[in-house]
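The values are calculated or read from the model by the stated rules, or taken from the named source; none is laboratory data. Computed from a predicted model, the values in this text were never measured in an experiment. In this analysis, Cβ positions are derived from the backbone assuming ideal geometry, glycine residues included, and neighbour counts consider all displayed protein chains. Accessible surface areas use protein heavy atoms only, side chains included; no ligands, DNA or RNA. Shrake-Rupley method; radii C 1.70, N 1.55, O 1.52, S 1.80 Å.
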Number of protein chains: 2
Amino acid sequence: VTADLPVPPVLPLAWQGDAEDGTLALLDQTLLPGRELVLLRRTTAEVVDDIRRLAVRGAPLLGLAGAYGLVLAAREARDDAQLRAKADSLARARPTAVNLARAVKGALADARVRSAPPPRRGAVLLEIARRLEAEERAACDAIARHGALALGGLRRVLTHCNAGALVTPGLGTALAPLYALHHRGARIHVWVDETRPLLQGLRLTAYELGKAGVPHAVLADGAAAGLMRRGLVDAAIVGADRVCANGDVVNKVGTYGVALACRHHGVPFFVAAPRSTFDAATPTGAEVEIEERVGDGTRYLAPGTAVADSPTTEPAFDVTPAALVSAFVTPLGTFAPTELPPALFA
Amino acid sequence: VTADLPVPPVLPLAWQGDAEDGTLALLDQTLLPGRELVLLRRTTAEVVDDIRRLAVRGAPLLGLAGAYGLVLAAREARDDAQLRAKADSLARARPTAVNLARAVKGALADARVRSAPPPRRGAVLLEIARRLEAEERAACDAIARHGALALGGLRRVLTHCNAGALVTPGLGTALAPLYALHHRGARIHVWVDETRPLLQGLRLTAYELGKAGVPHAVLADGAAAGLMRRGLVDAAIVGADRVCANGDVVNKVGTYGVALACRHHGVPFFVAAPRSTFDAATPTGAEVEIEERVGDGTRYLAPGTAVADSPTTEPAFDVTPAALVSAFVTPLGTFAPTELPPALFA
C-alpha cells in the first residue's frame, strides 16, 4: 500500500501457516453481504467444491485458489499419479476462467516442483502460490494507476458483475481504478448493474463499494442502456474471465449488451484485466466453452415460493468482440484492442 | 373466437352484474403465478389502489380498469364535483400509460354521460366500458392476425415484460401473434426476458405461455444480446405503454437495450399496440414522465434476507427511438415507424 492507493476493502483469500499444517482461508462469497463467513479448508476436495459452488469466484482469485489448492493436493497425494489427478480436479472445477487451469498447470510444470523430493513439494508449491498472490496484488495496483489515468475526468462509471477486491488479493481489476480515484478525492459515482441471475453486482460489488465508502447505486441490468440515453453514464469498466488472442472478451453474461449500448452512445467501454487473463491459446471468442447453469439462477429469486414452471436458459458468460472495447486496462498500461502487446499473452 | 385464433389463456378483468349492484372482478397479478386470486371490487378507492400496487397492469387493461372504475365512481358520487374528483384519482393512479387517463377522460366527456340524468350515469358509463372492452378484444384479434403475417416464417421470438392476455381482455398485444401462430401449428419458440426488477416475464409471460402450451424459455435480461450474437433469435416483439407522435416507444425498462441489440444483429424488432396506446399529444419520448420506483424492486429479490444497504435507481420505463422499430403491429395493419397512419392517433 502506497500513498496514492487505498487499502483493499476486503480480503477474500489467505493461506495461514506452512505447507505441512496450514489451511486455506476463503471468504464464502455465496453468503455475502448478509454473512461474512471464513471457510478454513484443509483438503483439495473442499476447495474444488468451493470453486464449483462459486464460494470462490473471479478469474484472478480462481487462479490463486487453484495454486493454494495444489499445496493441499501435495499434502494428500501418496504418489505422482494422485497429485496429477487432484491437480486435474482443481483445473477442471470451472472451465471458463483461464486463470484456474493455467495456475494449476503452471505450478505443476514448474522445474522446482518437478525436481523437488516429494516431501518438499508442498513447500515449493506454497512458495509458488505466495509469489502468484504477490504478483496479482501488484497487478491490481498497476491496473488501479493506469485505469485512473485512462478514466481521466470521467466520473459516472458503470460496471457489471463484480471485478473488485473480492476477486483478487488486492484492489481488484475493474474497480481498482475507481478505488484509486475515490482515494484521491475525485467525485466518483459508480452505477452497479445488479447482474442477474446471480446478482454479483447487488450482492458483491455494492458490498465492497459500500465498505470502501464509494458512492454508488444499483440498477436492473436492463436499465443501463436507458441511463446512457439520458446522458447519465460517462464510461463503463468491466473485468474479464478471459481475453482471447484477438481481443475478444469473455465475461459475465450481460457484458456484451453493455458494450453494445456504450458503442451506440459513444460511451467509452474499458476492460480491466491482469496478464493471467490474457489467453494466447484461444484465438477468438468463438472457441470458448460457455458455461450454462440450467435452472440454478433465473428461477432462484422469484417472489414468494412459486414461479412459473418454465424452462430457462442460463448462459453464465457472453463474448464481447474486441471491436467494441475502447481500451484494455492492464498492469502493463492501457491499450487499444488492436495494439495489445505480446507481453500480455506471455 | 374464430377458427384461426385460440381462446385467450386467461381473463384478467370482468365486470359482473349491472351498474347499480355490479362488481369489478380483477385477477391480482402481484400474486401470479403462485396464486390465482380474483379481487371483487366495489369502490373507486379499491381500484385506484389496485392500479397503484400493480395488481392491474398493462396499458390496455389499465384503460379498462379506469373505465369500469368510473361506474363505481358514479355509484359513489353524490354530485358532479365528487364524480370528477374520483375520476381524477383514477386517471392519475399511474402516469406513464396513456390508456388510463384517456379512457377515464374520454368516458367522462362522452355526450351520453353528460346528458344523462345522474341516476342513469352509471348505466351509461357501464355501456361505454363494455364497448371499450369489446373494442380492445377485437383489437387483439386484429393484432394477432397482422402480427402473424408480419412474423412470417420467423419462429424464435424474444419478448420483454408481459404484453399478453393478462394486459387485455383478449389475446394480448405482443403475444397475440405468437398465440395465433402456435394455434395454427407453427413451431413457435418464445424467449422470455425475465424483466427485472419486477419479473413480469418470469412471473406473468411464462405463466400465460405455459397455460397456452406455447414452448418458451426464460432468460436473464442480460442474456438476450448474447443469444442474438449466437444466432438464436429470429425476431423480437414487445408491447408499449405509449407510442409518441413521432413513433418513439415508451415501454418497460430494458426494452431499449433489446432494440439496440436487435439493430446491431439485424434482428427485426416489432412493437405491437392497440390504437389506445398511440398518443398524438406527446410529440416525442423526451416529453414522457418516466416513473421511478425507488427501492421497491431491485432489492426485493436478493437471496436470503440481507443485501447490501446500497442506494438503487429504478426507472420503470425507457424510451426506444422510433428509428429502432422495424414495424408497428396494430389493429389497422403493420406499419414502418415513418408511415404510421393518422387514424392510429385519432
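Accessible area buried by the pairing of B and A, both sides summed with a 1.4 Å probe, works out to roughly 3800 Å².
GNM remark for chain B: springs join alpha carbons under 10 Å apart, and the peak mean-square fluctuation among B:139, B:65, B:14 falls on B:14.
The eigenvalues of the Cα gyration tensor, multiplied by 5 and square-rooted, give the stretch A:28-173 an equivalent ellipsoid with semi-axes of 30, 18, 12 Å from largest to smallest. For peptide A:318-324, the mean count of partner chain Cβ atoms within 10 Å of a residue's Cβ comes to 2. Applying 1/(1 + (r/R0)^6) with R0 = 25 Å to the Cβ-Cβ distance of residue A:7 and residue A:155 gives a FRET efficiency near 0.65. The alpha-carbon of residue A:86 sits under 19 angstrom from the alpha-carbons of these lysines, leaving out residues fewer than 8 places away in its chain: A:105. Just the number please: accessible area per residue for the protein assembly as shown, 1.4 Å probe, all protein chains included, in Å². About 35 Å² of surface per residue is accessible. Using R0 = 60 Å, the C-beta based FRET efficiency linking residue B:21 and residue A:286 works out to 0.35. Dividing the summed helix terms, -39500 (n - 2.57) for each DSSP H run of n ≥ 4, by the number of residues in chain A produces a 222 nm estimate of -11000 deg cm²/dmol to the nearest 500. What the phi angles of the stretch A:332-346 give under the Karplus curve with 6.51, -1.76 and 1.60, with θ = phi - 60°, is a coupling list of 8, x, 10, 9, 5, x, 7, 10, 5, x, x, 4, 5, 9, 6 Hz, glycine and proline written as x. Extending 7 Å from Cα along the Cβ direction at residue B:110 and again at residue A:338 yields two label points whose distance is 6.5 nm. A crude spin-label estimate for the pair residue A:52 and residue B:82, with each label 7 Å from Cα along the Cβ direction, gives 6.9 nm. Within the assembled protein chains, the solvent-accessible surface assigned to residue A:7 is about 100 Å², based on a 1.4 Å probe. Across chain B, where is the longest run that never hits GluC sites (Glu not before Pro) in a DSSP loop with at most 12 other C-beta atoms within 10 Å? That gives B:37-288 as the longest site-free run. Here, chain A yields an orientationally averaged convex hull projection of 17.5 nm² when only Cα atoms define the hull. Taking only protein heavy atoms and a 1.4 Å probe, the accessible area of the stretch B:122-257 is 53% carbon and sulfur. Of the residues B:11, B:37, B:324, which exhibits the maximal mean-square fluctuation in a Gaussian network model of chain B defined by a 10 Å Cα contact cut-off? Of B:11, B:37, B:324, the Gaussian network model singles out B:37 as fluctuating most.
The charge dipole of chain B, taken about its Cα centre with unit charges on the Cβ of Lys, Arg, Asp and Glu (plus for the first two, minus for the last two), comes to roughly 460 debye. Our Cα-only numbers for the protein assembly as shown put the radius of gyration and Dmax at 28.0, 103 Å. Where the alpha-carbon atoms of the stretch A:194-245 are placed on the principal axes, they occupy 35, 28, 21 Å, in descending order.
Just to confirm the number: angle between the C-alpha axis of helix A:255-265 and the first principal axis of chain A, 0 to 90 degrees, nearest 10? The answer is roughly 30 degrees. Rounded, prolate or oblate: which fits the stretch A:46-86, taking a ≥ b ≥ c as square roots of the Cα gyration tensor eigenvalues, rounded meaning a/c under 1.5, else prolate when a/b beats b/c? Verdict is prolate for the stretch A:46-86. Computed from Cα atoms, the angle from the helix A:98-109 axis to the main principal axis of chain A rounds to 20 degrees. The trypsin sites (Lys or Arg not before Pro) found in the stretch A:157-252 that occupy coil by DSSP, while having at most 15 further C-beta atoms within 10 Å, are A:184, A:187, A:230.
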